[in-house]
Amino acid sequence: MKNPVRVTVTGAAGQISYNLLFRLAAGEMLGKDQPVILQLLEIPPAMKMLDGVVMELEDCAFSTLSGIIATDNSELAFGDAEYVLMVGARPRGPGMERKDLLEANAKIFTEQGSVLDRVASQNVRVLVVGNPANTNALITASKLQRLDASQVTAMTRLDHNRAISQIAAKTGSFSSSVKRVIIWGNHSATQYPDIHHATVDGASALDVVDQNWIESEFIPTVQKRGAQVIAARGLSSAASAGSAAMDHIRTWMQGTPTGDWTSMGIVSDGSYEITDGLIYSYPVTCKSGHYEIVQDLEINKFSRDKMQITEQELIEERDAIANLL
Ligand code: NAD
Ligand code: LMR
């Protein structure tokens, strides 16, 4: 067994966390040889509920769980953390867009960004899950002085997984046969799930599905999947979101398989002519805890237009909270 690492999860009594924490504690995110100390943050009214989650975690007797801190004190929760999963935020309900949450949730990331900058490990890796995830990540990154903005990422892995799953179902393939899918832009209904560079069992995806399916079914299904889950469950996705959060961190640390990539919301460096500084989802390769944007992909007009629509929405979200940056 390695030395334990500290993993912070905010919103730890919420529904995503209830799906995430047990798998994380069982070693599914960082490995069966990597013990974790869970540092669980909640707001005071949810502390009783969090006590119940802690009891259940204890009752699992996971060998990879070496300690639990349950607190409403963010300094304690973020202290020396190597990984921070920022889940704690209000979810949307039916009829809302994720950006409608901006006003309610932005304050959380303003405060927590400053605290984690002060007390988290110098090497911390941060994943923002709470919506609107890209702009909340932008707020968090803007509070960093000691840490670097590249340490903060936003979750578009759920969209990436959704895209893979749709293509696999359409082509009768295993999801592991689908590679090089891209989610560009915002984790919102303007995101652009791009199939142009994807392969299915080594063949170009464009050769095995038709353009009409891409435009009238694939893209809208991935873009609106979150709303469809809310319409069906009355609650936003939780198990799939928790699973994607673990995928995001695991891939970041363990790397992308040769010949494949993943999608992550990261600070734009201007690649693909996207405005510098936005948190924009790009195709990235990961190796040993570092990520790099996949460069030099050919972008046709169809894709360029869609990449710009989602970029424009991120600019509008950024401008709406400019006073917080
Ligand atoms: P939930 O309401 O079940 O849980 C949220 C928890 O956060 C609650 O227990 C609440 O008490 C807590 N919380 C609120 N303010 C907090 C604060 N300041 N500090 C710490 N904890 C705080 O919601 P959920 O279903 O778990 O969803 C959480 C967030 O994740 C929502 O914003 C949702 O929209 C978002 N989400 C994002 C994705 C994605 O792909 N990026 C996917 C699914 C859900
Ligand atoms: C999702 O994509 O399922 C989440 O962002 C929740 C939502 O509001 O759609």
*asked:* Looking at ARG180, ARG118, ARG92, can you tell me which residue is over 20 Å from SER237 (Cα atoms) and not assigned by TED's automatic domain parsing to the domain that holds GLY289?
replied: ARG118
*Can you name the residue in the stretch 104-122 that is more than 19 Å from ALA245 (Cβ to Cβ) and not small (Gly, Ala, Ser) and, of all such residues, is farthest from ligand 1 (Cβ to nearest atom)?*
GLN122
*Return only the number of the condition from (1) surrounded by 15 or more Cβ atoms within 10 Å (Cβ to Cβ); (2) farther than 16 Å from MET1 by Cα; (3) touching a helix residue (DSSP H, G or I) at 6+ places or on another chain (Cβ under 6 Å) that MET29 does not satisfy.*
(2)
*asked:* The conditions are (1) open to solvent by 40 Å² or more (accessible area, probe 1.4 Å); (2) outside the structural domain of ASP100 (by TED's automatic domain parsing), and ALA205 fails exactly one of them. Which is it?
replied: (1)
_Residues (surrounded by 24 or more Cβ atoms within 10 Å (Cβ to Cβ) and either touching a helix residue (DSSP H, G or I) at 6+ places or on another chain (Cβ under 6 Å) or of a type in the set (Val, Ile, Thr) (or both)) located in the stretch 113-133_ = GLY113, LEU116, ALA120, VAL126, LEU127, VAL128, VAL129, GLY130, ASN131, PRO132
*Determine, yes or no, whether PHE218 is aromatic (Phe, Trp, Tyr) and more than 28 Å from VAL87 (Cα to Cα).*
no
*List pairs: first in the stretch 235-253 and on the phi < 0 side of the Ramachandran plot, second within 12 Å of ligand 2 (Cβ to nearest atom) and outside any helix (DSSP H, G or I), Cβ under 7 Å, 6+ apart or cross-chain?*
SER236/PRO91; SER236/ARG92; ALA241/VAL129; ALA244/MET155; ALA245/VAL129; ALA245/MET155; HIS248/MET155
*Test result for VAL53, open to solvent by less than 30 Å² (accessible area, probe 1.4 Å), away from ligand 2 (no atom under 16 Å from the Cβ) and under 21 Å from ALA106 (Cβ atoms)*: no
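Can GLN34 be described as in a loop (DSSP other than H, G, I, E, B) and touching a strand residue (DSSP E or B) at 6+ places or on another chain (Cβ under 7 Å)?
Taking the combined requirement at face value, the residue satisfies it.
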*Being aliphatic (A, V, I, L, M) and assigned to a helix (DSSP H, G or I) is the filter; apply it to the stretch 195-212 and report the residue that is farthest from ASP260 (Cα to Cα).*
VAL208
*Scan of the stretch 221-253 for residues that are loosely packed, with under 15 Cβ neighbours inside 10 Å and under 27 Å from ALA81 (Cα atoms), ordered by number*: ALA239
*PRO4 passes all but one of (1) modelled with pLDDT of 95 or more; (2) within 12 Å of ligand 1 (Cβ to nearest atom); which number fails?*
(2)
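The values are calculated or read from the model by the stated rules, or taken from the named source; none is laboratory data. Computed from a prediction, not measured in an experiment: that's the story for all the values here. Positions of Cβ are backbone-derived with ideal geometry, glycine not excepted, and every protein chain shown enters the neighbour counts. Protein only, heavy atoms only, side chains kept; ligands, DNA and RNA dropped before computing areas. Shrake-Rupley method; radii C 1.70, N 1.55, O 1.52, S 1.80 Å.
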